[in-house]
Amino acid sequence: MPIARAAKRAAVRLGAVALAGALLAACGGSSDGASDSAGGKVTLTVDLFGSFGYKEAGLYAEYEKLHPNVTIKQTDTEDEADYWKSLQTRLAGGGGLADVQGIEVGRIASVSQQQADTFEDLKKYGADKLRSRFAEAKWAAATGKDGQVLGLGTDVGPEAMCYRTDLLKQAGLPTDRGELAKKWSTWEGYLDLGRQYKAGAPAKSAWLDSVGSLFSIMIGQEEERYYDASGRLIWETNPALKAAWNTSVEAAQGGLSAELDQWSPQWNQAFAAGSFATIPCPAWMLGYIKGQAGAGGEGKWDIAALPGGAGNWGGSYLSIPRAAQHKKEAYELIEWLTAPEQQAKLFRKQGNFPSATGAIDEVADAKDPYFSNAPIGQIFGDAAKAAPVQVLGVHDQNVNQQITNALSEVERKGISPDKAWSNAKKGVDNTIG
């Protein structure tokens, strides 16, 4: 789940997180803005997607203990595309909205450029004093054209490669994270290892989960992906995107994929079943792997640096709809959740990498026993530092979805890459016009 620049017309420049700054003190709730509850008991509703990890890390329970008048109720949708579609329906109708809504980084340009009138300007509650807490790019992506602050940043998605040491060992491959990082320093090296794995793999186990995840992680290594800095849609002619497409097609046609739809029940079950040996993993994926693989996966997983250099995939914001019932209390909650202290706690417990600069230094020494005591603070910190500045466009997520849908056709139906590319183009045209 990522990043930001002063929101200009059709694209927002998003930067790698600056790894500097002292840990800042979390601020309490602002006194700005009228309370909807007149000091009484408040039930705050939080609607999210994927795995933000607040409940699992105990942050809601901690906040409720600090604020006895507040009860937090969270709803969650695994698939962000389903979540976004539902959110758009509710925004159009004005009903059924939570006090706090999560916004994926691939949607934040849509919010800042097209939907600013449907979300609260958080400056009304004192958010402008928090600007120095975040990397400038993360802050700017949620800034409207008139200077509105439309969300507070949660995590960013520096990328690495998660892998099953037991499966690699059974296939006769090395398991040391440093050795693997050298062998797959390029994506072609990664595919070469995949072919070796396929030759000696345990039954019913593939090299990676899906070529859609491979494409998404590769395109996250690029500054320009679907749009250029002027806001022009360039995905069809972008050589970096076509290279990611070709590598993904090569993996599909080479039989290296388990052919799973991310976020599907089958994909969830595959983590525990050992259906794949590697999975490109932004930091936020760590908590998801733990949840799906369960206690039986502890110590079997490890993490190494990503092939092809650093990148960013994902990252999110917390926003408050204009139709929210408890706006002031909602702001107090999201200010607390996104403070450096809470971001540091969340990373240590769930893996969601901080967007607050002070928290990044705080977690530099973090290790994760579940992932074979991997130095996650160093691995993801180095990746965040080296990640490129990304151009964000209004329809980033829509374009990505159409491309990964087309790759799925190559992967599972054997459709020719040229036909699948044509289908992706039609899908993009039909989706965004």
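Expected output is a single nm value to one decimal: the length gained when fully extending between Q378 and E223, i.e. 0.36 nm times separation in residues minus the C-alpha distance. What is it?
Extending this stretch completely gives an extra 53.5 nm.
Based on the Cα coordinates of region 166-312, what is the per residue volume of their convex hull in Å³?
On the way: hull volume 16.4 nm³, N = 147.
In region 166-312, the Cα convex hull volume per residue is 112 Å³.
Using the C-alpha gyration tensor of region 273-328, what are the square roots of 5 times its eigenvalues, in whole angstrom, with the largest one first?
The three semi-axes for region 273-328 are 32, 18, 8 Å.
With a point put 7 Å past each Cα toward its Cβ, work out how far K300 is from S422 in nm, to one decimal.
Between K300 and S422, the label points sit 4.3 nm apart.
Arrange the peptides 80-90, 353-363 so that the one whose residues have, on average, the most other Cβ atoms within 10 Å appears first. Kindly include the intermediate steps, with their values, before the conclusion.
On the way: 80-90: 16.9, 353-363: 25.5.
The packing order, highest mean first, is 353-363, 80-90.
In deg cm²/dmol and to the nearest 500, what is the mean residue ellipticity at 222 nm of the chain if only DSSP H runs of at least 4 residues count, each as -39500 (n - 2.57), divided by the residue total?
Only helices count here, giving -12500 deg cm²/dmol.
Which three numbers, in whole Å and largest first, are the semi-axes of the equivalent ellipsoid of region 286-433 derived from its Cα gyration tensor as √(5λ)?
For region 286-433, the ellipsoid semi-axes come out as 32, 25, 16 Å.
Pop out the Kirkwood hydrodynamic radius of region 188-234 from its pairwise C-alpha distances, inverse of mean 1/r, in Å to one decimal.
13.0
For D368, which sequence-distant residues (separation of 5 or more, or a different chain) have an amide H within less than 5 Å of its own amide H, given hydrogens modelled in the peptide plane?
N373, A374, I376
Can you pull the percent of Cα pairs in the chain with separation above 42 Å?
Across the chain, Cα pairs with separations above 42 Å total 11 percent.
If you average the alpha carbon positions of region 344-385 and of region 242-283, how far apart do those two centres end up, in angstrom?
Cα centres, region 344-385 to region 242-283: 24 Å.
Compute the whole-percent fraction of alpha carbon pairs in region 112-161 spaced more than 14 Å apart.
51
Quick query: amide H of E78 versus all other amide H atoms, modeled in the peptide plane; which residues come in under 5 Å with a sequence gap of 5 or more or a different chain?
G50
Nearest 0.05, what FRET efficiency do A243 and A273 give at R0 = 22 Å with Cβ-Cβ as r?
0.10
FYI, it's all coordinate maths here, none of it is from the lab. None of the values given here were measured: they were computed from a predicted structure. Every residue, glycine among them, receives a Cβ derived from its backbone with ideal geometry; neighbour counts consider all protein chains shown.
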